[in-house]
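The values are calculated or read from the model by the stated rules, or taken from the named source; none is laboratory data. Computed from a prediction, not measured in an experiment: that's the story for all the values here. Cβ placement follows ideal geometry from the backbone for every residue including glycine, while neighbour counts extend to all protein chains displayed. Ligands, DNA and RNA are excluded from the accessible area calculation, which covers all protein heavy atoms including side chains. Shrake-Rupley method; radii C 1.70, N 1.55, O 1.52, S 1.80 Å.
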Amino acid sequence: MLEDGKIHDLAVVGGGINGVGIARDAAGRGLSVLVVEAGDLASGTSSASSKLIHGGLRYLEHMQFRLVRDALKEREVLLACAPHLVQPLRFVLPHVPAMRPRPLIRLGLFLYDHLARRRAIPGSAGIDLGSSPLGTPLRREYGHGFSYWDCWVDDSRLVVANARAAAERGADIRTRTSCIAADRLERHWRLRLRDEATGAVLEARARGLVNAAGPWVGRVADSIDTRSAAAGPRMRLVKGSHIAVPRIAGADAAYILQNDDRRVVFLLPFEDRFSLIGTTDVPFEGDAGGVAIDAAETQYLIAVVSRFLKRPPAAADVVWSFSGVRPLYEDDKSAPASAVTRNYRLELHGGGGRPPLLTVLGGKITTYRRLAEEAVDRLAPHLSIAGRPWTASAPLPGGDLPASDVAAFVDGLARRHDRFDRGYLARLARRHGRIAEDVLGDARGPQDLGRHIGADLYEREVLHMAANEWARRPEDVLWRRTKTGVHLSAAERHTAAEALAAML
C-alpha cells in the first residue's frame with residue numbers, strides 16, 4: 001500500500017494537463033487526491049502542442065462557436081492566473097484570395113473579437129503588408145493581410161504549475177508510476193501500480209477514479225475491471241509534428257499560413273532565436289510513446305512556409321522537431337482529421353452507490369481548466385464534494401505578480417540582483433514567475449548558482465526542479481522544465497545530460 005490503509009477520495013491516471021488540472025481543482029475542494037503518471041509530467045501530448053492558448057480561429061469555419069467562445073474566455077482567465085507562462089502574441093494572416101474571400105475573413109475575425117469579452121487581448125485589424133514591417137518575411141504577392149491576437153504558453157511548465165498547485169493542497173503526485181490494473185470493489189477502487197524505476201508493484205485505493213491518460217486512455221480503460229466499466233472510448237488518434245529552425249528574418253510576430261488543402265500552419269517565434277513551424281494532422285495507430293516526425297511531415301511543413309516566405313528554410317535547417325499524438329473524440333468517422341472536434345467529452349460510469357469512473361476524451365490545452373472544473377462537478381454528487389469551483393480566479397504558483405506585470409517584476413529582480421544579466425533574469429521569471437526569487441535564493445551573482453549546465457541553466461535551478469517539480473531525468477530538464485536542449489549542440493547536449501544525470 002502507498003500508505004497503510006489510506007483510501008484517497010480520488011485517483012487520477014495521467015500527468016498531462018487534464019490530469020493535473022483535475023487534481024488541482026479536486027484538491028482545492030478538499031479531496032485527498034492521488035495522481036499517477038507512467039512517465040514524466042507532460043511527457044506525452046501536453047508538451048507537444050503548438051504552445052498556444054487560443055480560441056481557434058479556424059474552428060469557426062466548422063461552426064464550432066461554443067468551443068471558440070469557451071476557449072476565448074479561458075484565454076483571459078489563464079493570462080490572469082499565469083502571466084509568467086501565458087503572454088499575448090500577435091498573429092498575421094496573409095490573405096490568399098483563392099482560399100477564402102476577404103469579407104469572410106473579416107466576418108470571422110469580427111466574431112473572434114466579440115464572441116467573448118476581451119480585457120487584456122487587443123482586437124483584429126487589416127494590414128497593408130507591402131508597407132508594414134509585419135510583411136517583411138513574406139513574398140511580395142501577399143500585399144494584404146489581417147492581424148489578430150492570441151496567447152503563447154509554455155505548455156510543459158503549465159502542467160508543472162498545476163501539479164505543484166495540486167501538491168500544495170495535499171495531492172500525492174507520483175511520476176513514473178503506471179496503473180496496471182484497477183478493480184471496482186463495493187465502496188472503492190483498488191489500483192495496482194508499478195514503480196517504473198524499481199519495478200515494485202504497489203496498491204492504492206480511491207473512492208473515485210479518473211482516466212485522463214490522453215492517447216493511452218484506451219490502454220488504461222482495458223486495465224480497468226471490465227465487468228463494471230463501459231465499452232472502450234470512441235477516440236481517433238492524430239499525430240501532430242513541429243519543426244524548429246533558426247529565426248526567420250523579420251518573423252518576430254506569429255503567422256498563420258493557409259495551405260491549399262484548407263489546413264493552416266503556424267509560424268511562431270520560439271525561444272528568442274528560433275521559429276517554430278507546425279502542425280501536421282496525420283492519422284495514427286499504435287503506441288504513442290516515442291512518436292517522431294517523418295520525412296513526409298517535414299517536407300509538408302517546409303512546402304507550406306515556402307509558399308509564403310521570401311527566404312524559406314530547408315529541411316537541413318531543422319534544429320529540433322517534436323511530435324505528439326492528440327486523442328480526439330470520434331464524433332464523425334468520415335471527417336478529415338483537421339475537422340474533428342477539439343472539444344472534450346467526459347464519460348461518467350458508476351455512481352448510485354458504486355465507485356465512479358470518469359473518462360476524459362479529447363480537449364485542448366486552452367480549455368483544460370474548464371474541463372477540470374466540469375469533471376469535478378460531475379463527480380461531486382458521487383464523492384460528496386461540498387466545495388465550489390474556485391480555480392478561475394486563483395493564480396497558479398508563481399503567477400501572483402502585482403498587476404500581472406512580468407516586466408515590472410523583472411525590473412525588481414534586476415534591482416535586487418544587479419550582478420546578473422537582465423536577459424537571464426527575464427528568462428528565469430518567465431519559467432518560474434515570483435518563484436524565481438526562491439530559485440535565486442541568496443545568490444549574489446552567477447558564480448553562486450553552482451555548475452553551469454549550458455545556455456542559461458545552472459545547478460541551483462536544476463536542484464530546485466528536482467525538489468519541487470518532479471524532475472528525475474536529464475530530458476525532464478532539457479526539454480520540458482526548460483528548452484535548454486534546443487540552444488545546445490549535440491555534443492553540448494551530451495555533456496549536459498551527463499551532468500544532469502549525476503545531479504538528479
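Note on the range 388-414: residues that are exposed (fewer than 15 other Cβ atoms within 10 Å of the Cβ) and in contact with a Pro (Cβ under 8 Å, 6 or more places away or on another chain) total 2. Of the set (1) assigned to a loop (DSSP other than H, G, I, E, B); (2) closer than 30 Å to Gly208 by Cβ; (3) in contact with a Leu (Cβ under 8 Å, 6 or more places away or on another chain); (4) open to solvent by 10 Å² or more (accessible area, probe 1.4 Å), all apply to Arg369 but (1).
Just one of the listed residues (Arg187, Arg192) is in contact with a strand residue (DSSP E or B) (Cβ under 7 Å, 6 or more places away or on another chain) and at pLDDT below 95, and it is Arg187.
In the set (1) under 28 Å from Arg460 (Cβ atoms); (2) buried (at least 18 other Cβ atoms within 10 Å of the Cβ), the condition left unmet by Ile385 is number (1).
Residue count for the range 234-255, restricted to those that are open to solvent by 10 Å² or more (accessible area, probe 1.4 Å) and within 21 Å of His54 (Cβ to Cβ): 4. Listed by first and then second residue, the pairs with beta-carbon distance under 9 Å, at least 6 apart or on different chains, first residue in the range 330-357 and on the phi < 0 side of the Ramachandran plot and among the aromatic types (Phe, Trp, Tyr), second open to solvent by 70 Å² or more (accessible area, probe 1.4 Å) and at pLDDT 65 or above, are Tyr344/Arg370.
Asp252: more than 20 Å from the chain's Cα centre (by Cα), free of Cβ contacts under 8 Å to residues at least 60 places away in the same chain and within 30 Å of Tyr424 (Cα to Cα), yes or no? For Asp252, the condition - more than 20 Å from the chain's Cα centre (by Cα), free of Cβ contacts under 8 Å to residues at least 60 places away in the same chain and within 30 Å of Tyr424 (Cα to Cα) - is met.
Assessment of the range 121-136 against the conditions (open to solvent by 30 Å² or more (accessible area, probe 1.4 Å), in contact with a Gly (Cβ under 6 Å, 6 or more places away or on another chain) and without any contact (Cβ under 8 Å) to a residue 24 or more places away in the chain) yields at least one matching residue. Restricting Arg117, Arg190, Arg106 to those that are among the basic types (Lys, Arg), assigned to a helix (DSSP H, G or I) and more than 23 Å from Val305 (Cβ to Cβ) reduces the list to Arg106. Being among the charged types (D, E, K, R) and open to solvent by less than 20 Å² (accessible area, probe 1.4 Å) is a property that Asp155 has.
Being modelled with pLDDT of 95 or more, open to solvent by 60 Å² or more (accessible area, probe 1.4 Å), farther than 21 Å from Ala82 by Cα and out of contact with any strand residue (DSSP E or B) (no Cβ under 9 Å at 6 or more places or on another chain) is a property that Arg444 lacks.
Hey, does the range 330-339 have a residue that's modelled with pLDDT of 95 or more, not in a loop (DSSP other than H, G, I, E, B) and not hydrophobic (A, V, I, L, M, F, W, C)? For the range 330-339, residues modelled with pLDDT of 95 or more, not in a loop (DSSP other than H, G, I, E, B) and not hydrophobic (A, V, I, L, M, F, W, C): absent.
Among the residues of the range 28-47, the one identified as open to solvent by 10 Å² or more (accessible area, probe 1.4 Å), more than 22 Å from Arg205 (Cβ to Cβ) and either in contact with a His (Cβ under 7 Å, 6 or more places away or on another chain) or not small (Gly, Ala, Ser) (or both) is Thr45. Please verify whether Arg194 is of a type in the set (Lys, Arg) and either buried (at least 19 other Cβ atoms within 10 Å of the Cβ) or touching an Asp or Glu at 6+ places or on another chain (Cβ under 7 Å) (or both), treating the condition exactly as stated. Considered against the rule, which asks whether it is of a type in the set (Lys, Arg) and either buried (at least 19 other Cβ atoms within 10 Å of the Cβ) or touching an Asp or Glu at 6+ places or on another chain (Cβ under 7 Å) (or both), Arg194 comes out as no. Counting the residues of the range 382-397 that are of a type in the set (S, T, N, Q) and modelled with pLDDT of 95 or more gives 2. Among the residues of the range 282-292, how many are surrounded by fewer than 20 Cβ atoms within 10 Å (Cβ to Cβ) and either under 19 Å from the mean Cα position of the chain (by Cα) or not in a loop (DSSP other than H, G, I, E, B) (or both)? Adding up the residues that qualify gives 5. For the range 160-176, does any single residue satisfy the condition of being at pLDDT 95 or above and touching a Cys at 6+ places or on another chain (Cβ under 6 Å)? Checking the range 160-176: not a single residue is at pLDDT 95 or above and touching a Cys at 6+ places or on another chain (Cβ under 6 Å). Evaluation of Gly145 against the conditions (1) in contact with a Lys or Arg (Cβ under 9 Å, 6 or more places away or on another chain); (2) assigned to a strand (DSSP E or B) shows that the sole unmet condition is (1).
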